[in-house]
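Following: one structure in structure tokens, then a few remarks.
The values are calculated or read from the model by the stated rules, or taken from the named source; none is laboratory data. None of the values given here were measured: they were computed from a predicted structure. Don't worry about glycine lacking a Cβ; one is built from the backbone with ideal geometry, like all the others, and counts go over all protein chains shown.
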């Protein structure tokens, strides 16, 4: 068959190619195979040729020699090819092959070797080139016209070095290193080297029985790149998990085994020496109230009802504290579509949970504070109403004192004259002139008394209506112009005492369906605010109320010609408790209450216009018919 035969087996160790020399030598019936060796199993072929012990030696990397019936001695050796392939080399060392030409093996195998994806190069025991293919020329930078049969190994190596196949360096030194390496190598041997252009070449060298060797060359650049990427990805994944403090778990549904990463144990305060990956230990650490939900999640994933899940779980820390872990679990299915593993990631969210609990507690506290504040606001508004009502009472009392005093004086005079007339009548000395004088005085006193009692009655009726409106806040239909006059009349004493005058411009018969008590309180607060804050002591001013109606909305403008409000305070005058005259009795609630009543009860809008020295004007716009159910305070 010649000196050398080659055969290639796929990843399943079935014969897919053989050269003519190999086929000529081994194409004989073998137990367990057909006459055709193609697709025969390597194990069967070797067992038939060598026996079991010989197969074991061959697989351990040793060459095995066997004598054939024709007297030829054949040495067999195994090598690794690309993509998981296996190469079987058979070299004849005696018998009839001795009389054949040296070139005959190469002539028969050259075309077959050129079909290989690997490079192949073989040297005899004298280190002479006896076989090669085109692929090895490409991989080693060998000129296609250079190789010759029986070329010395040193010549071949020098050519490769001169072409730059071994990288930079002195050519003689590179050649000497290669010669020393091949002469002292331990057979078989494997090697990897990187070409100057970055291509990684893997070599597998097997000894030949006569002392020569055969080497296969494979381009493994892509495989190395993939391995580096895989290693980098694995390292990046591990670093990312470590940096993110993510714990990883795995639950094998076939064996029931559970595994937790060191990071998972670290989240619970345990070191590597304290890790115990078992279901029993997991059940001890998880909170008793969360165990059932966790097992239900596992059951849903295992049964295929869900492919992934998310759950917040509590675990006992080594210190005894409770740790909140957010678990994200994923079901892993096999080729049959059934879940065989559950993988989970666990994140420590204790701080977030504690913060959420603190926010929830703060929210509840804030809501309670808001409730208390609203109640306090209602109470303050009521207190302010009572204060305004008290001011109204004081003003009305002063107004009533005058007519009541005059009526009392008239009544006293009439009583005195009546007693005098009675004495004259009882003494029998009553004269016509005395009686006529009494009638004149009685008529004058009676007229005076009636006029002043009627005046007092009107004041009392006005006071009663305004007081009821402010106290009850009942909604009713009322005439606005008349009502404004009544409100300002009830404040007449304070207005006259301050020396101010009042002008009212309001359409007659303008009827509102609203809350007169609110209108009364708003006007009262405006007037009191002007008296307290609008003027310097001793300065007399003019207060104006102007009302217009447009598109079903009432526009009420209250203005004074006082010292005005600086622009930087416009945004604060409606804030509660803000005042610039606290030393003069200002509470800072008046305008805040006005704003609340306008926007909430009257469903209107309030605008301030003011400048230092130019007076102050408040413009109210609200519906003539107030919508039902005023907004709550």
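What tally of residues in segment 474-507 results from selecting those that are in contact with a helix residue (DSSP H, G or I) (Cβ under 9 Å, 6 or more places away or on another chain), closer than 23 Å to residue 533 by Cα and assigned to a strand (DSSP E or B)? Summing the residues that are in contact with a helix residue (DSSP H, G or I) (Cβ under 9 Å, 6 or more places away or on another chain), closer than 23 Å to residue 533 by Cα and assigned to a strand (DSSP E or B) in segment 474-507 gives 3.
In the set (1) surrounded by fewer than 17 Cβ atoms within 10 Å (Cβ to Cβ); (2) modelled with pLDDT of 75 or more; (3) outside any loop (DSSP other than H, G, I, E, B), the condition left unmet by residue 430 is number (3).
All of (1) at pLDDT 85 or above; (2) within 30 Å of residue 131 (Cα to Cα); (3) within 49 Å of the chain's Cα centre (by Cα) hold for residue 197 with one exception: (1).
For residue 147, the conditions (1) over 24 Å from residue 64 (Cβ atoms); (2) touching a residue at least 40 places away in the same chain (Cβ under 8 Å) all hold with the exception of (2). Just one of the listed residues (563, 603, 607) is modelled with pLDDT of 85 or more, farther than 23 Å from residue 519 by Cα and either surrounded by 15 or more Cβ atoms within 10 Å (Cβ to Cβ) or in contact with a strand residue (DSSP E or B) (Cβ under 8 Å, 6 or more places away or on another chain) (or both), and it is 563.
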